[in-house]
Amino acid sequence: MAVEQTMRAWRVAAPGPVDGGPMRSGIEPVPAPAEGELLVRVLACGVCRTDLHVVEGDLPVHRAGVVPGHEVVAEVVTGADGFAPGDRVGIPWLRHTCGICRYCRRGAENLCPNSLYTGWDADGGYAEYATVPADFALRLPSGYSDEELAPLLCAGIIGFHALVRAEVPEGGVLGIYGFGGSAHLTAQVAAARGARVHVMTRGAAARELALELGAASAREAADRPPEPLDAAILFAPAGELVPVALEALDAGGTLALAGIHLTDTPPLNYQRHLFRERQIRSVTSNTRAQAREFLAFAEQHRLQVRTHRYHLDTADRALGDLAHGRFDGAAVLVP
Ligand SMILES: [Zn+2]
Ligand SMILES: [Zn+2]
């Protein structure tokens, strides 16, 4: 396969508010894969809220001038370890774990303190080419376009992990707070597994989409759901919704916090928010096993993936539109 010598890529020049133009686009050499890594040509890259946190500096800088993007659908150019040129692969957020710490040894590699992440510690997919360790590249389900696959690779996987952490009982009631790229996939997975889903989110278009995708009800962000919730997932990075969601939980209910970043939560009142065995759980990344489990689920149950296509050249506009909530579903960059 012919590989160009140079490529277009976006780098975070100076983390700050997205409207101030913190990213720069330029032409640079195509990266060289290290031992055990694949070189891939990017076909599509999803725009995740975590990219916004990297670009705006909510997350500390791990690699100066990093190329963001960790929902990368790509074609292998240089193979390694069972991947051949032409294979379609996914590059997710999780890029490296040590394999020897106590978390890795007990199957919780998502908590590995030595973990590395695509688009934060290493260059990601806001570019025409990228590299990935073969051990962390994912095989992709059939039946989806490149553009549809991209949001599955973080939004889908993380939402799936959050759903597991929320422990929705068989035939139970799930509340979803915030309805963007991750929530719109998770709602479908929950419904396919028999849950009744209520969505609380701002924006009439997002509420309409929620109903279209099978939610039983859709209300304003801080509204009370029509029935007590067995479980809830907070996707919006808004700490003020934590007590709101806890109050909506039935006794014994669990609130899972799906974001990597959350604004401060207001004080909680023990009786109103926690007593009767309501609990809060955070969600940190995912294991490779969970990623594969979710992608296998997506192969069996065709998910509707709502995407908004942007050309790679307009990655800054895509991030700005995400920051200002100008679209529903998931933005995807296509070179
Ligand atoms: Zn480890
Ligand atoms: Zn992400």
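Has the stretch 56-64 got at least one residue that is in contact with a His (Cβ under 7 Å, 6 or more places away or on another chain) and either open to solvent by 10 Å² or more (accessible area, probe 1.4 Å) or within 30 Å of Y144 (Cβ to Cβ) (or both)?
Taking every residue of the stretch 56-64 in turn, at least one turns out to be in contact with a His (Cβ under 7 Å, 6 or more places away or on another chain) and either open to solvent by 10 Å² or more (accessible area, probe 1.4 Å) or within 30 Å of Y144 (Cβ to Cβ) (or both).
Residue check: is D121 more than 16 Å from ligand 2 (Cβ to nearest atom) and over 21 Å from A330 (Cβ atoms)?
Answer is no for this residue.
To keep it simple, each residue is scored yes or no on (1) more than 22 Å from the chain's Cα centre (by Cα); (2) within 20 Å of L153 (Cα to Cα).
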{"site": "V61", "(1), (2)": "no, no"}
{"site": "G65", "(1), (2)": "no, no"}
{"site": "A74", "(1), (2)": "no, yes"}
{"site": "T78", "(1), (2)": "yes, no"}
{"site": "D87", "(1), (2)": "yes, yes"}
{"site": "T97", "(1), (2)": "no, yes"}
{"site": "R105", "(1), (2)": "yes, no"}
{"site": "C112", "(1), (2)": "no, yes"}
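State whether the residues of the stretch 87-95 include one that is open to solvent by 30 Å² or more (accessible area, probe 1.4 Å) and more than 16 Å from ligand 2 (Cβ to nearest atom).
There is at least one residue in the stretch 87-95 that is open to solvent by 30 Å² or more (accessible area, probe 1.4 Å) and more than 16 Å from ligand 2 (Cβ to nearest atom).
Scan the stretch 243-254 and tell me whether some residue there is open to solvent by less than 40 Å² (accessible area, probe 1.4 Å), in a strand (DSSP E or B) and in contact with a helix residue (DSSP H, G or I) (Cβ under 8 Å, 6 or more places away or on another chain).
yes
For E75, state whether it is in contact with a Lys or Arg (Cβ under 7 Å, 6 or more places away or on another chain) and not in a loop (DSSP other than H, G, I, E, B).
For E75, the condition - in contact with a Lys or Arg (Cβ under 7 Å, 6 or more places away or on another chain) and not in a loop (DSSP other than H, G, I, E, B) - is met.
Taking the condition buried (at least 24 other Cβ atoms within 10 Å of the Cβ), in contact (Cβ under 8 Å) with a residue 12 or more places away in the chain, assigned by TED's automatic domain parsing to the domain that holds G325 and part of a strand (DSSP E or B), does G26 pass?
no
Residue by residue through the stretch 6-26, note down the ones that are among the hydrophobic types (A, V, I, L, M, F, W, C) and over 16 Å from P60 (Cα atoms).
Correct list: M7, A9, W10.
Which residues, counting only those in the stretch 289-312, are among the aromatic types (F, W, Y) and not in a helix (DSSP H, G or I)?
Within the stretch 289-312, Y310 is the sole residue that qualifies.
From the list V66, V77, which residue is in contact (Cβ under 8 Å) with a residue 40 or more places away in the chain, over 23 Å from L185 (Cα atoms) and within 16 Å of ligand 2 (Cβ to nearest atom)?
V66
What about D146, is it out of contact with any strand residue (DSSP E or B) (no Cβ under 6 Å at 6 or more places or on another chain), open to solvent by 40 Å² or more (accessible area, probe 1.4 Å) and more than 11 Å from ligand 1 (Cβ to nearest atom)?
no
Quick test of your reading of the structure: Q290 fulfils all but one of (1) open to solvent by less than 40 Å² (accessible area, probe 1.4 Å); (2) in the same structural domain as H161 (by TED's automatic domain parsing). Name the failing condition by number.
Among (1) open to solvent by less than 40 Å² (accessible area, probe 1.4 Å); (2) in the same structural domain as H161 (by TED's automatic domain parsing), Q290 violates only (2).
Within the stretch 108-130, can you find the residues that are open to solvent by 60 Å² or more (accessible area, probe 1.4 Å) and within 13 Å of ligand 1 (Cβ to nearest atom)?
Residues satisfying the conditions are L111, P113, N114, L116.
Within the stretch 32-51, is there a residue that is part of a loop (DSSP other than H, G, I, E, B), surrounded by fewer than 22 Cβ atoms within 10 Å (Cβ to Cβ) and within 16 Å of ligand 1 (Cβ to nearest atom)?
no
The values are calculated or read from the model by the stated rules, or taken from the named source; none is laboratory data. Everything numeric here is computed off the predicted structure, so don't read it as measured data. Note: ideal-geometry Cβ built from the backbone for every residue, glycine included; neighbour counts use all protein chains shown. Note: accessible area is taken over every heavy atom of the protein model, side chains too, but ligands, DNA and RNA are not part of it. Shrake-Rupley method; radii C 1.70, N 1.55, O 1.52, S 1.80 Å.
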